[in-house]
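Derivation of every value follows stated rules applied to the coordinates shown; laboratory data play no part. A quick note: this is a predicted structure, and the numbers were derived from the prediction, not measured. For neighbour counting, all protein chains shown are included, and Cβ atoms are generated from backbone atoms with ideal geometry for every residue, glycine included.
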Amino acid sequence: MSYEDYLADVPLIVTAALTGGVHGKEANPNLPETPEEIGRAAAAAEDAGAAVVHLHARRPNGERSFSTERFQEIDDAVRRHADDVVIQHSTGGTGAPAAERHRPLRTDPPPEMASLDMGPLNRYDRLTSENTRATVDALHEEMRAREIKPELEVFNDGHRNEVHGLLDRRDLDDPVYATLIFGGGTLTRPRPRNLLNAVEDLPEGALFNTLGFGRHQLPFATLGILLGGHARVGLEDNVYYERGKLAESNAQLVERVARVAETLGREVATPAQARDVLGLRGAD
């Protein structure tokens, strides 16, 4: 995808990352944690323009959970409150054994999409995620068996190499969909030139999503819009609306990026349009 895709009016898919698995209400009291809170947040985000909701599960005490049952509760709440939003589960593995990371794939029905981290990374001072090729391949194999589209999470330049390697090892349905992530630590440095380089280095025909952590969320979403890509926003990645002001909700962050897209003359995709663009199993 490129600026030519922006000019071609490819609709913008907005993903709302509603809760995450690291910070909780201590960072922003508006961050949803219970299945009911997440379900209501998904509905509000969809109304604001999100076509996809990226979901993590949490235990009753707010800590992260990989339990199939907990993901099922959340999915049921999302379907009860939202209209037609695309459900995407996280399999990200910060501090989790590889076997646990398969459990979010086993809900009934399975999610239409799931994240697939493309390599190891460090988060904060004491959090790390090990993503060996064997782990990546095993998660992809189960996704393929359950007709779940992988969203390839690319945290740095080496992870782009791993995307190409995965395509050499495994069959992925077109279009390949990669999220390009920018921030601190072992993530790609959040500089516009780095996004341009990352887009040019993706496999031919791949679609991309932009994710900037913290204060970089809005500028990188805007860059993604202009480059014909897609955008992820939400309280998982950024708890502020502007410097010193906490976001009121995930929907508030979605509304803002939808306004940017409208100003730039780009249509915001409905869930049905997103399914068509991404080639999801629910597409007509």
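Key figures
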{"quantity": "Estimated inter-spin distance, Arg215 and Arg146, nm [label 7 Å along Cα→Cβ]", "calculated": "3.9 nm"}
{"quantity": "Modelled FRET efficiency - R0 25 Å, Arg79 with Lys25, Cβ distances, 0.05 increments", "calculated": "0.55"}
{"quantity": "Distant-in-sequence amide H partners of Asn131 (H built 1.01 Å from N, under 5 Å)", "calculated": "Leu121"}
{"quantity": "Debye equation applied to the C-alpha atoms of region 1-96, log10 I(q)/I(0) at 0.14, 0.17, 0.19 Å⁻¹", "calculated": "-0.53, -0.72, -0.85"}
{"quantity": "Computed lengthening from Gln72 to Arg281, 0.36 nm per intervening residue step minus Cα-Cα distance", "calculated": "73.3 nm"}
{"quantity": "Cβ-Cβ FRET estimate between Asp9 and Asn61, R0 fixed at 45 Å, reported to 0.05", "calculated": "0.45"}
{"quantity": "Burial ranking of peptide ranges 34-46, 174-186 (average Cβ count within 10 Å, highest at the top)", "calculated": "34-46, 174-186"}
{"quantity": "For region 47-198: relative contact order, % (alpha-carbon pairs under 8 angstrom, 6 or more apart)", "calculated": "18 percent"}
{"quantity": "Virtual spin-label span in nm between Asp168 and Asn122, 7 Å along Cα→Cβ", "calculated": "2.7 nm"}
{"quantity": "Sequence-separation-based contact order of region 133-284, relative, with Cα cut under 8 Å and 6+ spacing, percent", "calculated": "16 percent"}
{"quantity": "Volume in Å³ per residue [convex hull over Cα atoms, computed for region 108-245]", "calculated": "125 Å³"}
{"quantity": "Prolate/oblate/rounded label for region 28-156 (Cα gyration tensor, a/c 1.5)", "calculated": "prolate"}
{"quantity": "Electrostatic dipole magnitude of the chain [Cβ: Lys, Arg +1; Asp, Glu -1; Cα centre; debye, to 20]", "calculated": "920 debye"}
{"quantity": "Relative contact order, percent, the chain [alpha-carbon distance under 8 Å, six or more residues apart]", "calculated": "25 percent"}
{"quantity": "Positive-end residue, the chain charge dipole about Cα centroid, Cβ charges, pick of Gln217, Gly265, Pro35", "calculated": "Gln217"}
{"quantity": "Label of the coordinate-derived value, volume of the Cα convex hull per residue in Å³, listed as (i) 160; (ii) 144; (iii) 116", "calculated": "(iii)"}
{"quantity": "Gain in span if fully extended, Lys245 to Thr263, counting 0.36 nm per residue against the direct Cα distance", "calculated": "4.1 nm"}
{"quantity": "Signed unit charges on C-beta, dipole axis of the chain, positive-most listed residue His164, Val22, Gln72", "calculated": "Val22"}
{"quantity": "Signed unit charges on C-beta, dipole axis of region 48-125, positive-most listed residue His81, Ser115, Asn61", "calculated": "Asn61"}
{"quantity": "Test item: Cα-centred dipole of region 1-64, Lys/Arg +1 and Asp/Glu -1 on Cβ, debye", "calculated": "380 debye"}
